[in-house]
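The structure under discussion appears below in the form of structure tokens.
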């Protein structure tokens, strides 16, 4: 009788622990050099977008359209490419990170432009994001 109570208690703790456990999902990473028409994310999954950039030219990536169900985790985090010491004007990449907060489908749009040239866009990144 005593062993049976211990086994039932252990099984209850195990199953309750399993029910409360959240699944850790790998971030979905998009390299801006790869064409993106649409992607599917799961609820709470992170999306990372990496785009070539060179702020020494005055250009920067600007968020033009953000789906309401995506929360910004990090915006426009720049990492310069490796280069010889003393070299200037070296490009790199900027990283944007988002998290899917609700179900939905909409376009994520980033544009590469100089802030003082509002009508001119050098590049556009556009991808439809679906969260199931």
If we restrict to alpha carbons, what Rg and Dmax does the stretch 25-131 come to, in Å? 14.6, 48
Using the scaling law 2.2 N^0.38 Å as the reference, what is the normalised Cα Rg of the stretch 81-132? 1.64
Here the relative contact order (percent) of the stretch 25-131, from C-alpha pairs under 8 Å and at least 6 apart, is 34
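Read-outs: derived from the displayed coordinates by stated rules, not from any lab. As the structure is a prediction and not an experimental result, all values here were calculated from the model.
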